[in-house]
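The values are calculated or read from the model by the stated rules, or taken from the named source; none is laboratory data. Keep in mind it's a predicted model, so treat the numbers as computed, not measured. Virtual Cβ from ideal backbone geometry, glycine too; neighbours counted across all protein chains shown.
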Amino acid sequence: MKLHSVPWPLALVILLLSSCAQLQPPKEEARPFRFEKLDLTRSDENGQPLWRLVSPLTRYQLEERRSSLSDPVATIYKEGKPQYTVTASKGLVIDDGEHVELFGGVTFRVLDERQIVVRADRVFWQREYDIIKFEGNPTLLDLTRRVVAGEARFHTDTDMLFAWEGINLKSWQGNRDESQPASLELNTQHLNWNTSDGKLNIDSPIKGIQRPTADRLRRLSSPSMSGNTRQEWYDFNAPVLISEEAESLNIRAGRSRWWAAEQRITSSEPAEGTVKELNVTGSELEILQKESLLRIGQDCRLVQPDQELTAELCSWNWGSGEVLAEGGVILRRDELQQVTRSSRLEGVTGEDGRITFSAPGQRVKTRLQIQEEQAVPGKPPQAVTPVEF
């Protein structure tokens, strides 16, 4: 085999190039730029500000297009005026502002009379979609409420709050005072709330506690609810179950409304309940907490072991034990098959829950059936003689 020699000029060039490659210093990683202050602002076509992000100390990583922020403050504007602020101890701006993440003691604040504050461990600000997503025990506070959830997101363009996973809502009469038990407490899994107009919707099962007083507790449950926090009413969908152990009270009702400011529950649908040995059915249910009064406004029926009363309407005061029945009242007693009719009967509840009725100052009509003599074996029984007075 014939060998060919390489021309010496070409060999020299190859040698020099290889030597240069070996002599090149190693490539250093890009060092982050450090700025004393970051101030980013975006405005609309009319020059009104949309948002602003400020940090007193910023480190910018060129290759990763990422900025690390210290003590960042984000401000979101509506119609040129500050509407929301977000503060944290640290933050990241990724892809030159496409994504903003704030973490370390995050506080989101609504800058109006509602005084809404949301605290969380971490916030993702999706500016393109006007969404702020909260992670890490987000907790909303306002003048009268406290809401805790697993996760939540707030839409700054619509003032809508969406929360999910282990939601606990507490509401106080008057100003929020967490040293005192909440007057209403609800536990559920999904919550949608328009913080501007107050519309509230819960589309998951609800278990709650309503406290008439600090030392009393009433449990309630419902498959879902809607309401308005500004107008302070809440509609619980059927079936609504209400129980109070201290009074041995159990109520099953249709769609019911809780008027928070008035401390009143109303339902136009049929309801049934028990209070110790008393069974109650009827429509137009109303529970007046301030008056300690339960009222059936239509087709009232009270049943006890030995008597039954029907009336157009009736009421029971669980504080005093007084009972009132009005309108076409009929009282039937097992003893002597007694039937009493009146336009009005009053009653008193004993410690065992039994009601004793009377008609002070009222005209009543009573019918009794009296057995005149004992039946003799082998002879037909004597006819029962009705007596009216």
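Scan region 51-94 for residues that are in a loop (DSSP other than H, G, I, E, B) and over 27 Å from Asp159 (Cα atoms) and jot them down. If the condition is that a residue be in a loop (DSSP other than H, G, I, E, B) and over 27 Å from Asp159 (Cα atoms), then Pro56, Leu62, Glu63, Glu64, Arg65 are the ones that fit.
Would you tally the residues in region 123-147 being within 23 Å of the chain's Cα centre (by Cα) and either surrounded by 15 or more Cβ atoms within 10 Å (Cβ to Cβ) or not small (Gly, Ala, Ser) (or both)?
So the count comes out to 17.
Scanning region 95-123 for residues that are in a strand (DSSP E or B) and touching a helix residue (DSSP H, G or I) at 6+ places or on another chain (Cβ under 9 Å) returns His99, Val100.
Cβ-Cβ distances below 6 Å connect the following pairs, each with a first residue in region 259-275 that is closer than 25 Å to Glu308 by Cα and of a type in the set (A, V, I, L, M, F, W, C), a second residue that is in a strand (DSSP E or B) and modelled with pLDDT of 90 or more, and a separation of six or more residues or different chains: Ala271/Ala253; Ala271/Leu285. Of a type in the set (Asp, Glu) and under 19 Å from Val123 (Cβ atoms): is that true of Glu165 in this structure? In short, yes.
The residues of region 132-165 that are assigned to a loop (DSSP other than H, G, I, E, B), among the hydroxyl-bearing types (Ser, Thr, Tyr) and within 23 Å of Gly91 (Cα to Cα) amount to a single one, Thr156.
When region 199-231 is filtered for residues that are buried (at least 16 other Cβ atoms within 10 Å of the Cβ) and part of a loop (DSSP other than H, G, I, E, B), the ones remaining, listed by number, are Arg211, Pro212, Leu217, Ser224, Thr229.
Among the residues of region 144-160, those identified as touching a residue at least 40 places away in the same chain (Cβ under 8 Å) and of a type in the set (A, V, I, L, M) are Val147, Ala149. Assessment of region 202-216 against the conditions (among the acidic types (Asp, Glu), closer than 19 Å to Arg264 by Cα and over 10 Å from the mean Cα position of the chain (by Cα)) yields at least one matching residue.
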